[in-house]
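Just so you know, all these numbers are worked out from the coordinates, no wet-lab data involved. This structure is a prediction, so every number in the text was calculated from the model and none was measured. Neighbour counts run over all protein chains shown; Cβ positions are idealised from the backbone, glycine included.
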Amino acid sequence: MLKGLYVASTGMVNEQRRVDVMTNNLANAATTGYKKEGTTAEAFHDVLALKIKDTSEPGVARRLGTMNLGVKIGENYTDFSQGPFHETENTFDMALSGSGFFAVEFTDKEGETSVKYTRDGSFTLNVKGELVNKNGDYLLDTNGNHIVLDPLQTYSIDRTGTVRQYDQNQALATVQVVDFENYDYLTKYGETYYEPVDGFEFAPANAQVYSGYLEASNVQTVSEMVSLIAYNRAYESNQKIIQAYDSTLDTAVNNVGRV
């Protein structure tokens, strides 16, 4: 009879996790280049079936812990689908149409530098004429160097990311745009940065650079709100199941036990 308590509790934990992810998506609905996250869940019998069919261990398959017919929390995933563009008329605001990421030089609190990848193309010139984002991290060119320009001049950036002084043909720099074979080898760093993990491979980037535009978050607020309401209802349903079991146990202990 008590099995239902554990089933309901795993459901509540799962729904709480989904709500946490969903609220983070809503909080970043206006964050440039943000990619929404989602969650997965697996029924216990599916996990058990996979374990029984697992041939990596010789002999009889090892038991899968304590029997529990509740839901198993899966993994978080990132939706890398492209977000909508909005025009800014700022030359150094750039959006990528297609798959790919900008490469930026990131410096942590300990002063160590590394390359991070982002879809947030909001850049500007600092006092030294270097292209940086709002965090002060440097946009890199195809040679892995900072892009340094004369702040007194005006510039244009074409679809290939080539930077030229306005009305001149000489290429001054080309924005580095990279892509990866498998996005499963990317982990989030902060809200809009990504860093590769061991085993990653680069792939040819087919993205075009749109100067004067920014890619907005791909979070659809109305859809997220509907899902958030559904998750809260599911949480409340599991909560009511636990309350019903609690009432039943109270009757069994305090009333039936007296007979």
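Could you quote the convex hull projected area for region 132-259, Cα atoms only and averaged over all directions, in nm²?
14.7
Loop-only check: which trypsin sites (Lys or Arg not before Pro) in region 156-259 are DSSP coil with at most 14 other Cβ within 10 angstrom? Mind dumping the intermediate values first?
On the way: sites: R159, R164, K188, R233, K240, R258; in loops: R159.
In loop regions of region 156-259 (DSSP not H, G, I, E or B), the sparsely surrounded trypsin sites (Lys or Arg not before Pro) are R159.
Could you list the GluC sites (Glu not before Pro) in region 167-259 that lie in coil according to DSSP, counting only those with at most 12 other Cβ atoms within 10 Å of their Cβ?
On the way: sites: E181, E191, E201, E215, E224, E236; in loops: E181, E191, E201.
Passing both the DSSP loop test and the Cβ count: E181, E201.
Efficiency by 1/(1 + (r/R0)^6): what FRET value for V222 and Q82, r their Cβ-Cβ distance, R0 = 30 Å, to the nearest 0.05?
Numbers: r = 19 Å, r/R0 = 0.62.
That gives a FRET efficiency of 0.95.
Given H placed on each backbone N at 1.01 Å, which residues far from N135 in sequence or on other chains put an amide H within less than 5 Å of it?
Sorted by chain and number, the residues that satisfy this come to none at all.
For each of M225, M12, M94, count neighbouring Cβ atoms within 10 Å of the residue's Cβ, then give the residues from fewest to most.
Values: M225 12, M12 19, M94 25.
Arranged by neighbour count, lowest to highest, M225, M12, M94 become M225, M12, M94.
With each pseudo-label sitting 7 Å past Cα toward Cβ, what's the Q165-T248 distance in nm, one decimal?
8.1
Which residues does the label zone of S156 cover in region 79-108, counting backbone N under 19 Å from a point 7 Å along Cα→Cβ?
Answer for this model: 88-95.
Can you give the local net charge around G212? Use residues other than it whose beta-carbon is closer than 14 angstrom to its beta-carbon, Lys and Arg +1, Asp and Glu -1. Walk me through the numbers on the way to the answer.
Numbers: positive: R159; negative: E87, E89, D93, D158, E215.
Once all neighbours under 14 Å are counted, the net charge is -4.
Assuming a viscosity of 0.692 mPa s and a temperature of 37 °C, what translational diffusion coefficient in µm² per second does Stokes-Einstein assign to the chain, Rh being the Kirkwood radius over Cα pairs? All intermediate terms of the calculation are to be shown ahead of the outcome.
Values: Rh = 22.1 Å.
D, rounded to a whole number, is 149 µm²/s.
How about region 165-198: which chymotrypsin sites (Phe, Trp or Tyr not before Pro) there lie in a loop by DSSP and see at most 12 other Cβ atoms within 10 Å?
Working: sites: Y166, F180, Y183, Y185, Y189, Y193, Y194; in loops: Y166.
Passing both the DSSP loop test and the Cβ count: Y166.
Suppose the chain between E75 and L172 were pulled fully straight at 0.36 nm per residue; how much longer would it get relative to their current alpha carbon spacing?
Numbers: separation 97, 0.36 × 97 = 34.92 nm, distance 4.39 nm.
Contour length minus the Cα-Cα distance gives 30.5 nm.
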